[in-house]
1. Quick check on my filter: what residues within the range 18-48 are under 21 Å from the mean Cα position of the chain (by Cα), closer than 19 Å to Thr71 by Cβ and not small (Gly, Ala, Ser)?
2. Please verify whether Ala158 is small (Gly, Ala, Ser), surrounded by 18 or more Cβ atoms within 10 Å (Cβ to Cβ) and in contact (Cβ under 8 Å) with a residue 40 or more places away in the chain, treating the condition exactly as stated.
3. For the structure I just gave you, tell me whether Ala152 is over 14 Å from Gly117 (Cβ atoms) and either hydrophobic (A, V, I, L, M, F, W, C) or surrounded by fewer than 20 Cβ atoms within 10 Å (Cβ to Cβ) (or both).
4. Tell me the helices (runs of 4 or more DSSP H) entirely within the range 34-138 that contain at least 1 residues that are hydroxyl-bearing (Ser, Thr, Tyr), free of Cβ contacts under 8 Å to residues at least 40 places away in the same chain and open to solvent by 50 Å² or more (accessible area, probe 1.4 Å).
5. Anything in the range 185-230 that is modelled with pLDDT under 95, hydroxyl-bearing (Ser, Thr, Tyr) and farther than 24 Å from Phe83 by Cβ? List them, or say none.
Amino acid sequence: MDYDGDGAPSEARASGTRQSHAYEGLRSLLMSGSIPPGTRLTEADLTRMFDVSRSTMRSALARLTQEGYVTSEVNRGVRTRSFSVEEAADILEARETLESALAGKAAERATPDEIEGMRRTLQDMEEAKARGDQASYSRGNRSFHQQVKQAAHQATLARAYDTLLYPLVMRQYRNLSAQHPRSGSLEEHQAIFLAILTRNPDAAVAAMRHHVGSARRALLLDKSPEPPVS
């Protein structure tokens, strides 16, 4: 068996790299929302897609199952995750709490370079909205939230936040007939940024809570029919 310079078997390193590639690739695909909830995922299709062995893909799927991105059941196979209304509400409530706390820490700890990065992202979002470029606006939105998380310099909160599957919830329950970006979205991001810029943690917490709460209320979480009027 060949060994690399660190004394580790090179085959083991290569296997770990392939598994990581399969895991990260499928995770990104799931998070993109391009696969509808409840879709069956077959090892044969996935091994072809990511050019890995079945055993490698099986290991990646086991990890994704453990982390909640997919479900695995006897006779039903592996399927993309679907959330009940109650599960979705719990996840979004947790997101609101964690992300608000991260924004408050960012107001205390963000570096000048991090603040400048947020400013540039908001400028890009404003320009994307003006030209009607929804895809670029969405990318900017995701970048801004990641920048706030990183600027918080709070690893424990960040790890808890990263375990949330809220992007999958957002995609399952999004209102496809609604305006995108949502009315007020850019202004809400600007309010978060202003609070961070002025080093006002309380305002940052409140602004982020309002923003995340508004995004949650725009979802179609209540799918039950309206009760009849007596």
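The values are calculated or read from the model by the stated rules, or taken from the named source; none is laboratory data. The structure presented is a predicted model; accordingly, all values stated were derived computationally and were not measured. Cβ: placed from backbone, ideal geometry, glycine included. Neighbour counts: every protein chain shown. Protein only, heavy atoms only, side chains kept; ligands, DNA and RNA dropped before computing areas. Shrake-Rupley method; radii C 1.70, N 1.55, O 1.52, S 1.80 Å.
1. Of everything in the range 18-48, those that are under 21 Å from the mean Cα position of the chain (by Cα), closer than 19 Å to Thr71 by Cβ and not small (Gly, Ala, Ser) turn out to be Tyr23, Leu26, Arg27, Leu29, Leu30, Met31, Ile35, Pro36, Pro37, Thr39, Leu41.
2. The answer is no for Ala158.
3. no
4. Here the list reads 54-66, 85-109.
5. Ser230
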